[in-house]
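Working notes, structure below.
No value in this document is a laboratory result; all are computed from the given coordinates. The model shown is predicted, which means the values in this text are computed figures rather than measured ones. Here the Cβ positions follow ideal geometry from the backbone for every residue, glycine too, while neighbour counts run over all protein chains shown.
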Amino acid sequence: MNLTSMPELSPAAQAVLDAYIQGLATKRRNAISAALRAVVDQVLPENANAVGDEHDAARADQWLRIRIKILAIAAELEAQ
């Protein structure tokens, strides 16, 4: 596919792609790590808004656990 004919990406997808491309400047594992960090920021932001129901606390705890696991994978890739 020609780069000029690529469809416009959503801001979230563009953030992930940009992070990956910037990470390629150093090494491939950093690119993957950067993309993972961008994904977690787009999907599970550090300060996600509550939805206002009785499950907010449990949901926030689960989101934090998932965020920490993804960031741990990114950190492991960076350390290699």
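The residues Ile32, Ile68, Ile73, when put in order of fewest to most other Cβ atoms within 10 Å, stand as Ile68, Ile73, Ile32. For P(r) over Cα pairs in 5 Å bins from 0, in percent, pick the label among [x] 3, 13, 16, 16, 13, 10, 9, 6, 5, 4, 2, 1, 1, 0; [y] 3, 15, 18, 19, 17, 12, 9, 5, 2, 0; [z] 3, 17, 29, 32, 16, 4, 0 that corresponds to the value derived from the coordinates. Recomputing P(r) over Cα pairs in 5 Å bins from 0, in percent here picks out [y].
How far is it, in nm, from the label point at Glu76 to the one at Ala50 when both lie 7 Å from their Cα along the line to the Cβ? A separation of 3.3 nm, rounded to one decimal place.
Each of Val43, Val51, Val16 has some number of other Cβ atoms within 10 Å of its Cβ, and from fewest to most they run Val51, Val43, Val16. A Gaussian network model of the chain, with springs between Cα atoms under 10 Å, assigns the largest mean-square fluctuation among Ala34, Ala19, Ala57 to Ala57. In terms of surrounding Cβ atoms within a 10 Å radius of their Cβ, Lys69, Lys27 rank from fewest to most as Lys69, Lys27. If you run the Gaussian network model on the chain, springs between alpha carbon atoms under 10 Å, then out of Gln62, Gln42, Gln22 the most flexible one is Gln62.
In percent, how large is the relative contact order of the chain, given Cα pairs closer than 8 Å and 6 or more residues apart? Each step should come with its number before you reach the end.
Values: 60 pairs, mean separation 23.8, N = 80.
Value for the chain: 30 percent.
The calculated FRET efficiency for the pair Ile68 and Leu24, based on their C-beta separation and a Förster distance of 35 Å, comes to about 0.85.
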